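Enquirer: Let me give you the structure first, and then I'll get to my questions.
The values are calculated or read from the model by the stated rules, or taken from the named source; none is laboratory data. This is a predicted model, so every value here is computed, not measured. Note that we place each Cβ from the backbone using ideal geometry, even for glycine, and neighbour counts take in every protein chain shown. The area values use the complete protein model at the heavy-atom level, side chains included, leaving out ligands, DNA and RNA. Shrake-Rupley method; radii C 1.70, N 1.55, O 1.52, S 1.80 Å.
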Amino acid sequence: MWVGLHYGRYSPVGLAERPEPNFASINLDAGASTQGSFAFVADAQAPAWWAGWRAGLTFGAVRVNRLGYYGLGNDTQYSRDSVTAAGSYFYKVSRTTLFARASVQRRIIGPVRILAGATIDHSDFRALPGRSVFGSDLAAGVIDPGTIPFTDKVLRAGVVLDTRDNEIDPHRGVAAEALFASGTGYTRTTTSARVYVHPFRPLVLAGRLAAEGTGGNPPLAALELMESSARPFVAVGGYYSLRAYYNGRFTGPGKLIGGVEARYALLSVPSLLEVKLVAFYDAGRVFDRGEAVRLTTTGLHRSGGAELAVRLLRNSLLCMGYGHGSDGGRFLFGTSWSY
């Protein structure tokens, strides 16, 4: 259970039909859970304050006190019996991160923008009481103890193509990006494409394909995340990558994720309310060190399920549902689309 506080101010776009949710916004969030997690985040975004430019600046202190850790590689196993025999934290680790992230984008022609950004973060991992996969991997040297804790300084650049009609709840358009980042002792290359098709009024079809490779010696904190122009997210496994699996279910230096969705509007009042029934199918995998990241159907982990999504006004979206994969099923909740 979490208790949280939120404060936000924004400059609305008014009656203008624009893809951006607002001209600019500032949001402050603070929360804590009964399991020892907490989050303090200050976020400022200006997607349309200056013509042709968009900028973002975020500061945060976050502890995820029950983050999943199942080992490194695409073939890591999960057994419910291990949780019973070895303790409830066998597949868990505590991660604390302090970070600052800045980015700026400039439109160069039509829907094409160039991006530049920087991030500095300090991440630490702590083994929870009892036996755990994390504790075993750290003791065996599978995880480099020199990268825990780890201070990472990252510079990134890229190209973004965005033709979506609405960034919060797109009905049509394409969002594609190619990013390169240089961190402390490693590099990261990410490509992704999301496509939205509106064949007839109640139905939106969405698809996503993304791949990422790393070079050098990335720390565990970097291996657990996948980069994007908006924000990094946990992959592979979790609401933003492979929904029926727990966060961090598969961890590796290379990643491949994809998915398709059908979003059908049961109720639609333009600019006021939409209630949608969603069917989804996700797939993804990680690649080990020295293994080339490639498009393949071999070794993919798959999940499928359904969601009920409610959009209020232009910018508020809630998604609730259920997904099922080879590890079993889990209930889902999100305040944005998975992609």
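Enquirer: Among the candidates GLY135, GLY87, which residue alone is of a type in the set (Gly, Ala, Ser) and touching a Ser or Thr at 6+ places or on another chain (Cβ under 8 Å)? Write out each step before concluding.
Expert: Working: GLY135 fails: touching a Ser or Thr at 6+ places or on another chain (Cβ under 8 Å).
Answer to the check: GLY87.
Enquirer: Given the criteria touching a residue at least 40 places away in the same chain (Cβ under 8 Å) and in contact with an Asp or Glu (Cβ under 9 Å, 6 or more places away or on another chain), does TYR322 qualify?
Expert: On the way: touching a residue at least 40 places away in the same chain (Cβ under 8 Å): no; in contact with an Asp or Glu (Cβ under 9 Å, 6 or more places away or on another chain): yes.
Answer is no for this residue.
Enquirer: Which is open to solvent by 60 Å² or more (accessible area, probe 1.4 Å), β-branched (Val, Ile, Thr) and at pLDDT below 95, of THR84, THR34? Write out each step before concluding.
Expert: Details: THR34 fails: at pLDDT below 95.
Checking each option against the conditions leaves just THR84.
Enquirer: Also, I was wondering about something else. Give all pairs with beta carbons closer than 8 Å in which a residue from region 216-232 that is open to solvent by 50 Å² or more (accessible area, probe 1.4 Å) meets a residue that is of a type outside the set (S, T, N, Q) and at pLDDT below 95; count only pairs at least 6 apart in sequence or on separate chains.
Expert: ASN217/ASP144
Enquirer: Please enumerate the residues belonging to region 102-120 that are touching a residue at least 12 places away in the same chain (Cβ under 8 Å), open to solvent by 30 Å² or more (accessible area, probe 1.4 Å) and part of a strand (DSSP E or B).
Expert: Passing the criteria: ALA102, VAL104, ARG106, ARG107, VAL112, ARG113, ILE114, ALA116, ALA118, ILE120.
Enquirer: Related question: Could you grab me the full set of residues in region 279-303 that are touching a strand residue (DSSP E or B) at 6+ places or on another chain (Cβ under 6 Å) and of a type in the set (A, V, I, L, M)?
Expert: Result: ALA279, ALA283, VAL286, VAL293, LEU300.
Enquirer: Select, from ASP144, ASP152, the only residue that is out of contact with any Lys or Arg (no Cβ under 8 Å at 6 or more places or on another chain), closer than 17 Å to ASN217 by Cα, surrounded by fewer than 17 Cβ atoms within 10 Å (Cβ to Cβ) and of a type in the set (D, E, K, R). Full working, then the answer.
Expert: Details: ASP152 fails: surrounded by fewer than 17 Cβ atoms within 10 Å (Cβ to Cβ).
Being out of contact with any Lys or Arg (no Cβ under 8 Å at 6 or more places or on another chain), closer than 17 Å to ASN217 by Cα, surrounded by fewer than 17 Cβ atoms within 10 Å (Cβ to Cβ) and of a type in the set (D, E, K, R) holds for just one of ASP144, ASP152, which is ASP144.
Enquirer: So THR187 ticks every box in (1) of a type in the set (S, T, N, Q); (2) surrounded by 18 or more Cβ atoms within 10 Å (Cβ to Cβ); (3) closer than 23 Å to THR214 by Cα but one. Which box is left unticked?
Expert: Here THR187 meets the rest and fails (2).
Enquirer: Being under 11 Å from the mean Cα position of the chain (by Cα) and open to solvent by 60 Å² or more (accessible area, probe 1.4 Å) is the filter; apply it to region 234-273 and report the residue that is modelled with the lowest pLDDT.
Expert: In this case the residue turns out to be ASN247.
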